[in-house]
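Okay, structure first, notes after.
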Amino acid sequence: MRIGLLTDTHQPSEQKTLWPEIYEAFKGVDLILHGGDIVHPMVLDWCEEIAPTRACRGNNDTGWDDPRMEEVVLMDVEGYRLGMIHAIEPEDRPMEHLLRQYFGGQHLDIFVSGDTHVERMDYRDGVLQINSGSPTLPHLWSTRLGTVALLDVVPGRIEAKIIKLGETPERRNPGIEWSYTPETGVVRLG
């Protein structure tokens, strides 16, 4: 199963749809997981044009509800347990603490979060931790192309990568690309 991960889209007012770069990056994904701060449900509709979509509520997702959005997402994927929640700062606290605080101590193999707008990938204590950054407001800079992530899960194997969506003219993309395979661990690509 290939899963597209994005968070913190914040639906900038000048955007009338997802950027073509997001559609291209998520071409062929089986599922999209949005890590919150969606801001408007039309973003989930646009994601649904690509693949079935689930989301968690971010701190800016107030005043509206959508059946695709939950406070915390928990799911089994090809024999792995995945959990997603919007905000967990600081992200580098001990994994045992994060799992206890946000998931009631449940075991996770994959931990997805957002909120910071800064991409992060870490593998520790047997858990792959991914924050895909923001595709529209990377590093909390002005509106520009940022990052998303792809998660490939098959029975017995997880691979992941955070990818830059490109460059917006005269607005540098500050994102950093990362990858994870069981053989290499987490590797900074850019």
### Task
Kindly provide the set of residues from the stretch 106-121 that are among the acidic types (Asp, Glu) and on the phi > 0 side of the Ramachandran plot, ordered by number.
ASP115
### Message
Can you say whether VAL118 is part of a loop (DSSP other than H, G, I, E, B), among the aliphatic types (A, V, I, L, M), within 15 Å of the chain's Cα centre (by Cα) and under 18 Å from GLY4 (Cα atoms), as far as the supplied structure shows?
### Response
yes
### Summary
Checked against (1) of a type in the set (A, V, I, L, M); (2) in contact with an Asp or Glu (Cβ under 7 Å, 6 or more places away or on another chain); (3) closer than 21 Å to TRP141 by Cβ; (4) not in a loop (DSSP other than H, G, I, E, B), LEU44 satisfies every condition except (3)
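Within 20 Å of VAL118 (Cβ to Cβ) and touching a residue at least 40 places away in the same chain (Cβ under 8 Å): does that describe ASP37? I'd like the intermediate steps shown before the answer.
Numbers: within 20 Å of VAL118 (Cβ to Cβ): yes; touching a residue at least 40 places away in the same chain (Cβ under 8 Å): yes.
Taking the combined requirement at face value, the residue satisfies it.
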### Task
Just one of (1) closer than 17 Å to LEU128 by Cα; (2) without any contact (Cβ under 8 Å) to a residue 60 or more places away in the chain trips up CYS47, so point out which.
(1)
### Query
Looking only at residues in the stretch 98-115 that are touching a His at 6+ places or on another chain (Cβ under 9 Å) and over 19 Å from GLY79 (Cα atoms), which one is surrounded by the most Cβ atoms within 10 Å (Cβ to Cβ)?
GLY114
### Query
When you go through (1) closer than 24 Å to GLY146 by Cβ; (2) under 17 Å from the mean Cα position of the chain (by Cα); (3) not β-branched (Val, Ile, Thr) one by one for TRP64, which number turns out not to apply?
(2)
## Note on the structure
Being at pLDDT below 95 and either closer than 17 Å to VAL39 by Cα or among the polar types (S, T, N, Q) (or both) narrows THR147, THR136 down to just THR136
### Message
So ALA51 ticks every box in (1) of a type outside the set (Ser, Thr, Tyr); (2) assigned to a loop (DSSP other than H, G, I, E, B); (3) at pLDDT 95 or above; (4) under 18 Å from ILE85 (Cβ atoms) but one. Which box is left unticked?
### Response
(4)
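The values are calculated or read from the model by the stated rules, or taken from the named source; none is laboratory data. This is a predicted model, so every value here is computed, not measured. Positions of Cβ are backbone-derived with ideal geometry, glycine not excepted, and every protein chain shown enters the neighbour counts.
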